[in-house]
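For reference, the structure is listed below as structure tokens.
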Amino acid sequence: YPQFFTATNLEWKKLLKPDKYKEIIAHSLRFLVQDKRIILYVFVIMDNHLHLIWQIQRGISAEAVQRDFLKFSLPLLVLCVSLVRWLHQQLWQTRGEFAQK
């Protein structure tokens, strides 16, 4: 039977604001559908949380699906956010070096 699932970002931070981060979530959900772990009825991704209605397939526990979904999505999101921050810092450092010359 269909179930409602919500995941929120720590302290409601707007980490999912960029579309590229929403794509990571969509990719994770797409994998779960293609791997026949869930039937996905609807989902919405907001800047600081997501809601979805899914049906876990027989023989698969809801806890395992939720764990795998978050286990796959979260490290990619953390990596992307970290990379963007690092690139941003590098850009500002480079701009500062050119400004001094």
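The values are calculated or read from the model by the stated rules, or taken from the named source; none is laboratory data. Computed from a predicted structure; not experimentally measured. Using ideal geometry, Cβ is built from the backbone for each residue, glycine included, and neighbour counts are taken over all protein chains shown. Note: areas computed on protein heavy atoms with side chains; ligands, DNA, RNA excluded. Shrake-Rupley method; radii C 1.70, N 1.55, O 1.52, S 1.80 Å.
Quick notes on this one:
- Reach of K22 by Cα under 14 Å, taken over aspartates and glutamates that are not fewer than 8 positions away in the same chain: D47
- Accessible surface of the chain, 1.4 Å probe, proportion on carbon and sulfur as whole %: 61
- The angle between the Cα long axis of helix 19-34 and the longest principal axis of the Cα atoms of the chain comes to about 30 degrees, rounded to the nearest 10.
- Label-point separation in nm, M46 to S61, each point 7 Å along Cα→Cβ: 3.1
- Value at 222 nm in deg cm²/dmol, rounded to 500, when DSSP H runs of n ≥ 4 in the chain each add -39,500 (n - 2.57): -19500 deg cm²/dmol
- Against the set [x] 59, 39, 21; [y] 65, 23, 18; [z] 77, 25, 24, the structure's computed Cα extents along the principal axes in Å falls on [y].
- Per-residue surface analysis assigns R85 an accessible area of about 150 Å², computed on protein heavy atoms at 1.4 Å probe radius.
- Computed magnitude of the charge dipole of the chain (debye, nearest 20; Cβ of K, R +1, Cβ of D, E -1): 140
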